[in-house]
Amino acid sequence: MAVLAGMVAIYHRDLVRSFSTLGHLSGRWFALAVAAELVSVVSFALSRHRLLGVSARRPSRWAMVRITYAASALSMSLPFAGTGLGAIYEYRQFRRRGVDPAAAGWTLAVSGIFSTSSLAVLLVAGAILSGASVGAVAGFAGAAVYLVPGLVVLLAIRYQRVRKSLSQLFLRLAAQVQRLLRKPATRERLEDLPAQLEGFVDRIASLRLPGRGYLAVFGLAMLNWAGDCTALALAIRAAGMPVPWHALLLAYGAGAAVGSTGLTPGGFGLVELTVAAALTVGGLPAAGALAAVLAYRLVNFWLVLGIGWLVMLRSGRGATSG
C-alpha cells in the first residue's frame, strides 16, 4: 500500500494521462505482447522440462507449462517468501509426477543458474550494443556473481572428497541435534540421515545432460527473457509510441533487478516506477512511458498471476474429487 501511495503521489498527473492512454491501446500490438509473454513462459517451462530429462520420469510438456504458471503466481503473490514458495511448489509437483528428489532439486538449481546467466548475457550484450557506459556493463556483469555459489557447489560435489566432507559435516550436525532431542524415534531417524544424504549427493553428482542439452536449456532461458522484453517493446507500440531501442534493454534490466528483490509481491509498484523512469530518460514522455509499462504489466504480472491461480484452483479441485 505504501508503494502504491507513493506511486500515486509522484505520478498523479501522469497516471491520469496514462489511464486515458490505456483506454486507447492498439488491440493488435497488445495481442502480440500477450503472445510474446506466452512464448516467454512456455520457453521457461520447456527449459526445465529439458533438464528433467535426467530423471527416469518427468512431467509432460503441458504439465510443465501448468506448473510454471502456478509457481510463478505463487512467487508473485507474496513479498520475500514468494520465490521460495514457488520453488517448493514446483519441487512437490515434480515429486508427485515421479521425479526422484535428487533430479528435482538438481533441476531447480541448474535452472536458476541458467536463468541468471542468460539474463546477464542478454543485458551485457544490450548495454554494449546501445553504447552504454562501461559502468553499466560492469553493473550487469556483476549479476553473474550470484551464480558463483550455486555453480561451485554443483561442480564441487562431483568430487568424492567434497561429498565425503559434506557427509562428515552433516554427521556432526546430526549428532548435535540428537543431543538436543529426547524422542527416541526421532533420534533413530536422524541416525539414518547421513547415509541417506551421501546417497542423495552421489545421485546429484551423477546427473548431467549431454552438451547439446545444456545448449538447448541456455537457448530456452535466453528466449524466456527475450520474450518478456519483447512484450515490453510491443506494449510501448500498443501505447502508440516508438520503441526506444537504445534504452529498452537497460530499462528492462533495471525492472528485472528491482523485481527480483522481493520487497513487494512480484515487484508491484517498484517495477512500474523503475521501468517508466528509465524509459522517460530514454526519450519517451512520462505519461506515455507509464501507460506502456502499465500495459506491459497487465501481461507480465496480472495475466500470469490470474492464469497461475486458476491452474492451482483447478488442480486443487481435481485432487479433491480424485
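Observations
- With a cut-off of 13 Å on the backbone N, the residues of the range 218-237 near the modelled label site 7 Å out from L209 along Cα-Cβ are 218-224.
- Inter-label distance, nm, simple model (7 Å from Cα along the C-beta direction), Q176/I128: 4.5 nm
- Centre separation in Å (Cα based) which lies between the range 55-132 and the range 261-294: 24 Å
- Of the chymotrypsin sites (Phe, Trp or Tyr not before Pro) found in the range 50-87, the ones in coil according to DSSP and having at most 14 other Cβ atoms within 10 Å of their Cβ are F80.
- Gyration tensor analysis over the Cα atoms of the range 247-322 returns equivalent ellipsoid semi-axes of 32, 12, 8 Å (largest first, whole Å).
- Rolled with a 1.4 Å probe across the full set of protein chains, the surface gives H49 an accessible area near 20 Å².
The values are calculated or read from the model by the stated rules, or taken from the named source; none is laboratory data. Because the structure is predicted, anything quoted here is derived from the model rather than measured. Cβ sites come from the backbone with ideal geometry, for glycine too, and all protein chains shown count toward neighbours. Areas reflect the complete protein model, heavy atoms only, side chains present, ligands, DNA and RNA absent. Shrake-Rupley method; radii C 1.70, N 1.55, O 1.52, S 1.80 Å.
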